[in-house]
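The values are calculated or read from the model by the stated rules, or taken from the named source; none is laboratory data. These numbers were taken from a predicted model, which means no experiment stands behind them. Cβ sites come from the backbone with ideal geometry, for glycine too, and all protein chains shown count toward neighbours. Side chains included, ligands, DNA and RNA excluded: accessible areas come from the protein's heavy atoms. Shrake-Rupley method; radii C 1.70, N 1.55, O 1.52, S 1.80 Å.
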Amino acid sequence: MFGALEIKDESEVDNPTEFKNEISDDAIYEFEKLAKSLGFTGLSYGRIHFKDKDKFSQNSNSIILLRCDMNPSLLRLKSEYYKKEGLDKKFKIIVTNVFKLSDFLRSKGFNSEVIDSIELEEEIKKSAENSKCGKLGRNKAVIFKEGPASKIFAITTSINNFKEEKIDEYKWIFEYCLSCGKCNMHCPEKAFDFKGNLIENKCIGLEEACRICIEKCPFYQKDYDTIKSKYELKIEKTSRRSIF
């Protein structure tokens with residue numbers, strides 16, 4: 001698992017043979033308290049998209065998305081270069097903590113599986129967008145309220161009564177990214193096309209741990225709510241001028 005890092009399954013609790021599907025508010029509170037104590041700064045719940053069902057455990061209905069403060073170079077750096085950048089040990093510690101959270105759910109009677117955040121990175125990112133808890137930026141980082149995630153860790157589970165987001169409050173980020181372009185502007189390799197989309201084979205982040213496109217992202221530098229309020233004010237002013 002986990003690319004060149006070859007991290008083994010560290011589960012200490014077996015999946016129950018007969019598992020539960022509904023979790024109580026008290027158990028969610030315990031789970032989130034444990035996640036916070038383990039250093040996770042962001043946590044979201046979502047449903048597994050039907051197109052990706054075959055990629056995950058057949059006993060899973062939902063996905064839990066976990067974020068923590070990480071080096072921005074992990075955004076696209078290949079796992080075989082983690083050791084060179086001194087990132088492998090911290091990454092393994094975080095994965096160990098993900099297994100602890102999975103074990104917690106298993107101990108409560110739920111089916112739970114830790115997802116390979118390297119091999120299934122794209123599927124995890126799609127789950128974040130489909131669940132309306134984040135939006136993919138031009139630099140291929142998913143933007144959450146706490147900022148762009150360098151790596152998203154995930155657990156799939158049999159739980160099916162997590163509260164689902166009905167409104168996509170991150171929808172505005174797509175328009176914002178089109179008007180911003182700082183990741184494109186500062187890229188030393190010009191690894192964005194004329195539409196501002198990342199050209200993966202021109203990106204040096206895969207091998208050289210380049211992090212410029214994420215460090216220049218306003219969501220990495222500033223508070224989410226501040227950026228949103230300023231953008232909405234800008235749109236409002238533009239709309240007023242267009243009327244007259």
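Angle of helix 88-107 to the longest C-alpha principal axis of the chain, folded into 0 to 90 degrees and rounded to 10: 50°. Past the 22 Å Cα-Cα mark, which pairs from K126/K237; K33/K78; K78/K202; K166/K222; K51/K195? In this structure, K126/K237; K33/K78; K166/K222; K51/K195 exceed 22 Å between Cα atoms. Computed over the range 1-115, the range of Cα coordinates on each principal axis works out to 43, 32, 25 Å, biggest value leading. Extension gain for S11 to E207 (0.36 nm times residue separation, less C-alpha to C-alpha distance): 67.5 nm.
Once the Cα atoms are used to define both axes, helix 224-243 deviates from the longest principal axis of the chain by about 40 degrees.
With contacts taken as Cα pairs under 8 Å at a separation of at least 6 residues, the range 68-215 carries a relative contact order of 31 percent. The accessible-area ordering, largest first, of the residues M185, M70, M1 stands as M185, M1, M70, per a 1.4 angstrom probe. For V114, the solvent-accessible surface computed with a 1.4 Å probe is close to 20 Å², ligands and nucleic acids excluded. Counting protein heavy atoms only, the chain has 48 percent of its accessible area on carbon and sulfur, 1.4 angstrom probe.
Taking a temperature of 37 °C and a viscosity of 0.692 mPa s, what whole-number D in µm²/s does Stokes-Einstein yield for the range 161-207 with Rh from Kirkwood over alpha carbon pairs? Answer, rounded: 255 µm²/s.
Note that the range 133-244 shows a convex hull volume over its alpha carbon atoms of 139 Å³ per residue. When cysteine pairs in the chain are screened for C-beta atoms closer than 4.7 angstrom, the residues that find no partner are C68, C133, C177, C180, C187, C203, C210, C217. Contact order for the range 1-129, expressed relative to its length and based on alpha carbon pairs under 8 Å spaced 6+ residues apart, stands at 43 percent. If the segment from L38 to L178 were pulled out straight at 0.36 nm per residue, it would be longer than the present Cα-Cα gap by 46.8 nm. Rounded to the nearest 20 debye, the dipole size of the range 113-244 about its Cα centre is 920 debye, using +1 on the Cβ of Lys and Arg and -1 on the Cβ of Asp and Glu.
For the peptides 144-151, 174-181, 162-169, the ranking by mean Cβ contacts within 10 Å, running from highest to lowest, is 144-151, 174-181, 162-169. Calculated over the range 50-122, the projected area of the Cα convex hull averaged across directions stands at 5.5 nm². Computed from the C-beta positions of D168 and M1 and an R0 of 41 Å, the FRET efficiency is 0.85 to the nearest 0.05.
At the residue level, R47 shows approximately 100 square angstrom of accessible surface with a 1.4 angstrom probe and all protein chains present. Across the range 102-189, C-alpha contacts under 8 Å between residues 6 or more apart give a mean separation that, scaled by the residue count, equals a relative contact order of 31 percent. Once the 1.4 Å probe is applied to the protein heavy atoms, the chain comes out at 55 Å² accessible per residue. Among the listed pairs K100/K151; K53/K90; K171/K234, those with a Cα-Cα distance over 22 Å are K53/K90. A convex hull fitted to the Cα coordinates of the chain yields 141 cubic angstrom per residue. In this structure Y29 has an accessible area near 150 Å², from a 1.4 Å probe over the protein heavy atoms. Rounded to 0.05, the FRET efficiency of the N197 and D69 pair, given R0 = 30 Å and the Cβ-Cβ distance, is 0.60.
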